[in-house]
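K.L.:
Handing you this structure, nothing more for now.
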Amino acid sequence: MKSIIAEGKTSNEAIENGLKELGCTKQDVDIKILENEDKRSFYSILAPRIVKVELTLKENVEKNIEKTIINKEEKILSDENYELAKEDLVKFLDSFSKIYNLEYEINKNNNLIEINITGENSSKLIGYRGDIINSLQTILSAIANKNTNERVRLSLDICDYKSKRENTLKELAKKLEKTVLRTKRKVVLEPMTAYERKILHTELQNSKNVTTYSIGEEPHRKLVVDLKK
C-alpha cells in the first residue's frame, strides 16, 4: 500500500499537502495523525507548529492509479505528431545551436521525444544544479506541443548531465540514510525539482530504516529523509 507522510501547521493543512502530492481526494485515503497539534509542552510553545500525518491510499484507489499510469506510459506518440513537433523543434534548435556553436540530436522513444545537446559551450546551458537545462526543457516542450493535437512529452539532456546527476543523487540517498540512522534526526534538503525528488524517493522507498516525503510548495518544495516510526 502506498503511504506518504505530510507536514503542515495544522492537521488540515498537512492532509491537504499530502493529498496534493498523491493527486487524490480525501475519500481515497486512510489518514493517521502522527503528531497531534494539541499536544504541545510549555517548553515547545515558542517552536514552530508542525503536524505530521500519514496518508495511505486505499487498495482499490491504488490499483486504479497504477492502471492509469501504465496506460499513459504505454501510449505511443504517433509518427504524424512526432514529425510536427520535430519540425518546430528543428527550426528553433537550428538557430539556437548556431548562436552558441552547438550540436543536437532529436530521437523518438515510444511516447517521448529525447533531445541531446553537445558542443564546447554546451556545459554553460546546465546551470546551477540544472536550473538552466530545466528552463530550456520547458521552452522546448512548449515548442513541441505548439502544433500537435496530442500532448508531447519531451526530455532534454546536455552532455549526459542527467545520467551523471542521477548517479550523484543515488549516492546521496545512501549517505543520507546513514546520516539519519547515526544522528536519529531527520534531514531536510534544499529545494529540488520533482524529477530529482523522485530519484531520491525511488532509491529509498524500500529502506527498512528511513522514509521520505516532501514539504513546501513548488518551486521551493523540499525532500525530507526521516526515521521510520
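The values are calculated or read from the model by the stated rules, or taken from the named source; none is laboratory data. Nothing here was measured: the structure is a model prediction, and the numbers come from that model. Every residue, glycine among them, receives a Cβ derived from its backbone with ideal geometry; neighbour counts consider all protein chains shown.
K.L.:
Might you let me know whether region 97-112 holds any residue that is among the β-branched types (V, I, T), modelled with pLDDT of 90 or more and touching a helix residue (DSSP H, G or I) at 6+ places or on another chain (Cβ under 7 Å)?
P.N.:
yes
K.L.:
So which of N116, N110, N147 is under 29 Å from C24 (Cα atoms) and out of contact with any Lys or Arg (no Cβ under 7 Å at 6 or more places or on another chain)? Give the derivation first.
P.N.:
Numbers: N116 fails: under 29 Å from C24 (Cα atoms); N147 fails: under 29 Å from C24 (Cα atoms).
Every option except N110 fails the conditions.
K.L.:
Please note which strands (runs of 3 or more DSSP E) are completely contained in region 85-181 and include at least 3 residues that are of a type in the set (D, E, K, R). Outline the logic, then answer.
P.N.:
On the way: elements: 103-109, 112-118, 153-158.
Correct list: 103-109.
K.L.:
Let me ask something else. Working only within region 113-142, note down all residues that are surrounded by 15 or more Cβ atoms within 10 Å (Cβ to Cβ) and of a type in the set (A, V, I, L, M, F, W, C).
P.N.:
Passing the criteria: I113, I115, I117, L125, I126, I133, L136, L140.
K.L.:
Return the total of residues in region 208-218 being under 18 Å from L169 (Cβ atoms) and exposed (fewer than 14 other Cβ atoms within 10 Å of the Cβ).
P.N.:
Residues in region 208-218 being under 18 Å from L169 (Cβ atoms) and exposed (fewer than 14 other Cβ atoms within 10 Å of the Cβ): 0 in total.
K.L.:
Which pairs do you get when a residue that is without any contact (Cβ under 8 Å) to a residue 40 or more places away in the chain, found in region 100-122, comes within reach of a residue that is of a type in the set (K, R), reach meaning Cβ atoms under 9 angstrom, with the pair 6+ apart or on two chains?
P.N.:
Y100/K124; I106/K86; K108/K86; N110/K75
K.L.:
Would you point out which residue out of L204, L125, L154 is touching a strand residue (DSSP E or B) at 6+ places or on another chain (Cβ under 7 Å), at pLDDT 90 or above, hydrophobic (A, V, I, L, M, F, W, C) and not assigned by TED's automatic domain parsing to the domain that holds L84? First the steps, then the outcome.
P.N.:
Working: L125 fails: not assigned by TED's automatic domain parsing to the domain that holds L84; L154 fails: not assigned by TED's automatic domain parsing to the domain that holds L84.
When all the criteria are applied, what remains is L204.
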